[in-house]
Each structure stands twice: as structure tokens, then as C-alpha cells.
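Heads up, the thing below is written out as C-alpha cells.
Derivation of every value follows stated rules applied to the coordinates shown; laboratory data play no part. In this text the structure is predicted, and so the values were computed from the model without any measurement. We place every Cβ from the backbone using ideal geometry, glycine too, and count neighbours over all the protein chains shown.
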Amino acid sequence: MGKRVSCAAAAALASVTSLLAGGPAWSNGFIFIDPAFHPAPVIPVTPVTPVTPLTPVNPADPGRPGTPSPRRPLLRGTVSTGLHLDRQAITVDIKDQVARTYIKQTFKNDTDRDLAGTYLFPLPQDATFSSFTLHIDGKPVEGQIMAAAEATAQYEQIVRSLVDPGLLEYLNYRTVRARIFPIPARGEKTVELEYTQILPAETGDASKASTMCKYRFPLKSAGSDAVSETKIDFKLKGSRDLRTIWSPSHEIKIERDAGSSNQARISFLSKGDAQEKDFLLYYTLSDKEMAANLITHKLDDEKGFFMLTLSPPVKGQKVMAKDVVLVADTSGSMRGEKMEQARAALEYVIKALNPEDRFSLVQFNTDAEAFAGSLLSADAVNKEKAISYIQEMESRGGTNIGDALATAVSILDDAKAGSRPAFLILMTDGEPTVGKTAVQELLKSVSIKRDLRLFDFGIGYDVNTRLLNKLAEEHHGTSQYLEPDENLETALSSFYAKIRNPVLSDVMITYEGIDVKDIYPRAVKDIFAGSQLLLLGRYKEGGKATIKLTGKVDGVEKSFSFPVDFAPRSADNSYLPRIWAMRRIGHLTEVAQENDNNKEIVDEIVELSKRHGIISAYTSFLSKDPNERRGGPVPLPMPVAGALRRPGDTNFFQAAPRSEEASKSLGARFAFMPNQRFRAIAAGSPVPGARDGADPMYAEADDEKESFGRALSKAKSSGQAAVALQRALSDLRSNMDGRAAADSSQVKVIGEKTFYLVDGYWVDSSFEKIEKAELKEIEFGSKDYFELARNGLASYLGAGPRMILVFEGRCYRISKS
């Protein structure tokens, strides 16, 4: 490609309105068709859904029908909106803070003639490039990196053409540009791009011995079309130990290299999904005994959000000996595959015990029986005996959880235990049916002088979730619930691998010089080798502070001190508010259930749900007129929304006036998690006011929150509904990539803002709180519109060409003429 190609590209962008009025889906890298090679007029054709294969379009006779793409309509005449990104593979090699990114993107031409196009790829704005190469179909070609200003001008032209407002998010990026010809009819063209960049250090402690780095890949699809496959593979290597590795944007798989603490592999795979956000990866490099990093987000006049990561070495320098008692349900309901999985899971834990550990086993059915009445050393002989004992376990009889817990506690309550941490791991698939069955009686049976950590696994739908939750909550542990088709061996082995090597027990964390609150998890008992502890919370004012971590190793107290800076203002890390809100909603939902769904608590859950776009058990959806033919209710925040307000109206979410009879017909409906794990709650428990024959997922009521609160209170503590609720709450408490946020065509979460689709406008959720606000009218694509984009609002404006946006107390209504 010569230097004159930029003129052709500019002409292509200037003429893109006539070519792409249908709005194809641009992605992180995209191609638009060059009008210099296709000057004929474009005439849209109504898509045809063929029953049998049809003859392809004859270029010599464009009026003849053809076979359209199932997702993208064909255009007769010259070109098509069907030129799209089909699949992509990204490979990233990172050494310390230097990353080499190799991208392979395959584009498909859905038309019946060869096309010429211009390829654009927005380079991350936070990158410094030391090398750059470009290949098309394996052959090197000349490419050009446009400066940010030139790229911005070209993106503005594309946006003005109404191709996709989502491209605004790439303003101020430098951009790779190259000519691609030919793009064969009904064929493919593969683009390969490689570049090297220096990754920025997000934060580190004062001694610089700990560094957190961030890698970003512009994965977000500006349009709504899905890519058939997106694959990202990382090879991560550091000259220092790799500690925390996590992604706030996507669910990733992490594999640590055996025998090495400074290498890891990370992967992400998506098939047929539209990517709604760029890919982010964080990792920490440190050679300290304990690494700590702090990242923050704080806007003016608002409390800030922070995430503190604490990471011990992958292999502890000093691993404490521990005492473990495994308690396994062998009642009749465990017969078959569940019993086989239980045996395999128990064998895994026994084999994984450290030589310094002590252990025992308890199996229970109608009675409880111990492998050994006292703790045994985890030597080879005792392990072999325990495995033989496990292999002989048989399922029969009832479920005597009370005697099992009492037996396990008596074994662990060893006066000679000293400072060893004590772990009780319980596995059961049913409610107690023999002996003590009342929850309070069973809780009292776990009376021990030692500081116990109790972890329990509920298998299937017949477990008592209230009992298991209380046991774990009162003894510094966690509850995990498995669906009937999930593998117990996989779940238990994964869990035990994380707690196998405690490096610090009786942990206490204090914050000096800073006012913090609402920190989740609320309590931390132990820190384990190779683990990463992520604490999310809020702070009032920024400034320098010191975080102190204390704990014990074999009874000897150790302490760590980390000087950190809480930013007085930082617009970075805008994902933090939503992740914190998930933790808060999970905690408040449990509190609400324990307190008969207290109105003030439920109100806070609803407010957090609305503001951050997170579906909760108390979030309402708008119920449209039942005479309208719709596939279901349109999701909107509570209370029911009416038409767009006029300037000066006080409450956007106030419903328009209507008669009492009409109000009844538009009663509020309730929905649960988008993954439908809450669906069974209402199905298994009658909801006051529900209509006969109504979808059990929804309920109508005069006072929606109180009515549904009563329904939740009546819900049983066992059954599919109870398990679904606990699994959904667990997702909220542990989610780090936003999967629990509302996933709907009616809701968009961009940065720290949530937008709801109302009467064709994407409306900022904070608009509800603005009193007597006047809306400044701005035309989409105008000079004022792009001025807003250049002032840091580009990502929000990407919601759509019609929207209401609140920024620094001012309200803007963007309209498309």
C-alpha cells in the first residue's frame, strides 16, 4: 500500500453513508468497502429465508434472487452489508511488562462478487509500540499507523454516517490502516497483525517490590452481531513471581506451570457471542513474602471504591501443619454415581494431605462411624489405610448429620493441637432424618474449644441450605451447592487445592489513615499459598494510608505493613462500582432473609440493582399492557416507568397518569437472575396476587416489594428453589467479571453507568435522581456531539444515537434527526 492510499481511504469514509446505511457490525478490527472500486448505486433488497438452497446471484444479472446470509441482508447492485468478522485468534506472550500480541482475524464476504476494502484496527491508547507487522493471507503488506488525531477524524466521519455510535469508544486511539483487495465473492480474507508494547504498571507498594500490570485488547464489538469464535491465549512469564492474575471483564482459565512460580497460561474462549466489552487482564509481579496492590475509582463529590489484592507466594515459604476431618454422607440417597464420586473426592484429599498434617474420616447414614477416634498423622501407612476404608464405604439407611458433626468435633477437639488450624469438610445430599433434625439443635452440637473452619458441600436439591449456610457462617467457612449433574470429585478437589497450604491463620486487616466501610468479604480467617485475596470496599476521602496485615504461623504472630495511596479522584477502573455492588447485594439479600425482608434493606438492594444494572431477587420488570403481543416483560428498574419526561419534570421513573382500573392491569412483575436460577423460587412457593395461569417466574401485587418479600420468606430452605437462590448469591459474592449484571437488550452497562431503553431512548439511571433538570438538546453527529465525545464521554455516547446522559450534574438528550 502506497502513501496515496490514505486519500482513497478518506474518500471511502466520506462516502460510507450511501454504502452502509444498513449498519453492519464493526468489531475491534473491521473492514469497510471502498467506494472507489464500487461506485454503482446500492439498492436494498428484502431478505429472503429460503426453504431449499437457491442459486447464487449471477454478477451479470443482479436482479436474480440468491441465497442471503441468515443474519445479514444482501444488497443488489454492487456491494453488501454482509462483509463481517467471522472468527479471530489472539496470542499474547508477556515477559514482565513487555507484551507481544499476534492477531489473526478472518473476514467473510457474503456477496456474490469480489470486493475491495479498507481495514482499520484501533490500537490500545495506553500502549507504547516498538514493532509492527501486518500480513494478509500470509503475505506481508505495507500498513500505516495513523496518529490519534487522524484516526479520530475518520471515526467521526463513520459515526456521522450512522454506521455505529459504538465506534466512539475508539476515539483518540491510534489506528492501523491497510488496503485489502480482493475480498473474494462468498470467500474469506485473513488479516494477521503483530505488535509489541510496554504494559503500564497500574500500582505497586512503596518499595516497588510489587507491581500490578494491565493488558488491554480492544475486543468489544461495536455492533450486535456475534463472532463465531474468539480465542485468546496468554503465555505469561516474569523475572519475579507471578501472584494475582485476574480479569474484571471476562471469565478466564488460569493454569500455573508445575514447579514454577513465575509462569502461567491464561485462556479465554467464546463461541457465537457478541463481545460487549474490551478484554482486560491484570497480574502482579512480586518477590516479597506478601504482595499487596490497591486500585481505586472515585468521582468528584462521591465516595470512592477500592480493591485490595493480597497475594502470598505460589509456594509458601512456611506452610503450616493442619488438622482435617472429612465427614461424608453414605445414606441410601447417595447410592450409585454420587457414591462413586464421593469416594474419588475423599481419596483425592487424603492423597493431597501434607506429611505434617493430621486427619480422620467420619461416614454417616443412620449412624455415624469414625475411621479413627483421634487424629492420625498423614504418613504413607495411614493414608493407605484410609483409602482402603473409603473404598469399602457403602450407601444405606438414613441421614444422621447430628451424630456425624458431634463425632467430627470430638476428634478435632484435641488439647494437644496447639496452634494448628482445624478444618471440618462436610459432604451431604439430604436433610437430617435421623437423630437431631432441628437446625438450632444441630448448630449447638458444633461446640469446640478450637477455632474451627467448617466448609460444607450440598449435593442435589434435597439439602437444607439454611443449616449448611449457618454451619459455615458460624465457623469461618463457606457453603458450596452442586446441581445433581455436577461432579463432586471435581468440586472438592478444586476447593481443597486452594486451602491445602495455609501460610497465615487468624488474619486481621486494619486500615490506618483512611476511612473505609462496607468491605467484602466481611471476614478473612486464613490466607493460603498460591491464592489471591481480593477485598472490595468504599472509602470517603483520598490520601496516603497504611494497610496492616497480621496473622499467625504455627502460633507465632507475623505482621506486614503496606503504604498505599487512595486516589482523591480517579475515573479509571470504572468496573469497580459494579463488582462491589454485586458483593453488597449478595450480603444484603442474606440479611434481608434473616430479618423478614426488612423494607429499608430491600430498598437498598433495589437501588443498587437499578443503578448498576444487576438483577436481584427484588428487582422489578415493567409489565406492559397485556393486550400487547410481546415475548415477555420489558426490563426496567423499579418502580414502573412511564413515558419520557419533559424538561422540568421531577421524576423520570414516575408512571404516566392512568385510571385505577388501568393501574391494576399494569401491575408490577418480578424477575430473577438472567441465568434463571431464581425461576424456581416463585414456582415452588405461591406468590400473593399472582394470576391464574401466569408464568411462575413473575408475580403481580399491589405492594410489589413487600408481597414478594413475604413469598421469599415462605420459601423452603431445601429444594431446587433454595439451591438456585444460594448458587446465585454465591455468584454475586465471587463474580469478578460482571456476569451477574443484567444481560438484556433493554439494559446497557457502560463503565460505572447503567442505561435503560425507554421509548426508544437509552436513559442514564442517575437521571431519576435529578430534580427539575433541564435537558440540553444535542443532535447526533453534530459539532456539540463530538465535543462531548472529546471531553471523555465517548464510551457513554456509544450506547446509541438516541439517549439521555447525565454528566457532572447536567442532562443531555441526544436525538437523531
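Listed values, structure above:
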item	result
Charge tally in the Cβ shell below 9 Å around F306, where Lys, Arg are +1 and Asp, Glu are -1, F306 excluded	+2
Gain on full stretching of the segment that runs from S782 to E251 - 0.36 nm per residue minus C-alpha separation	187.3 nm
Derived scalar couplings ³J(HN,Hα) [the range 783-793; Karplus, 6.51 cos²θ - 1.76 cosθ + 1.60; whole Hz; x for Gly, Pro]	4, 5, 4, 6, 5, 4, 4, 6, 8, x, 9
Neighbourhood net charge (11 Å Cβ-Cβ; Lys/Arg +1, Asp/Glu -1) for Q480	-1
Inter-label distance, nm, simple model (7 Å from Cα along the C-beta direction), R335/D603	5.5 nm
Net charge of Cβ neighbours under 13 Å - reference A344; Lys, Arg +1; Asp, Glu -1	-1
Sorted peptide list for 724-730, 177-183, criterion being average Cβ within 10 angstrom, highest first	724-730, 177-183
Mean Cβ count within 10 Å, highest first, over the residues of peptides 332-344, 281-293	281-293, 332-344
Under-5 Å amide H pairs with K214, H placed in peptide plane, nonlocal only	E202
Extension reserve of the D301-S388 stretch, reckoned as 0.36 nm per residue once the Cα distance is removed	24.9 nm
Inter-label distance for S228 and R265, nm, one decimal - labels placed 7 Å from Cα along Cα-to-Cβ	2.5 nm
Long-range HN-HN contacts of F780 with modeled amide H, under 5 Å	S815, K816, S817
Virtual spin-label span in nm between R100 and A380, 7 Å along Cα→Cβ	4.5 nm
FRET E, pair K139, S239, Förster distance 22 Å, beta-carbon r, rounded to 0.05	0.05
The range 357-385 residues near the modelled K315 label - backbone nitrogen below 19 Å, point 7 Å along Cα→Cβ	357
Extended-chain gain in nm, criterion 0.36 nm per residue less alpha-carbon gap, S559 and T91	164.4 nm
Those residues of the range 298-323 whose amide nitrogen sits under 14 Å from the label point placed on E541, 7 Å along Cα→Cβ	301-304
Derived scalar couplings ³J(HN,Hα) [the range 336-353; Karplus, 6.51 cos²θ - 1.76 cosθ + 1.60; whole Hz; x for Gly, Pro]	x, 4, 4, 5, 4, 5, 4, 4, 5, 5, 5, 4, 4, 5, 4, 5, 7, 4
Zone residues, the range 380-400, relative to D367, backbone N less than 20 Å from point 7 Å out along Cα-to-Cβ	389-400
Rounded FRET efficiency, nearest 0.05, which uses the C-beta distance separating A497 from L162 and R0 of 56 Å	0.60
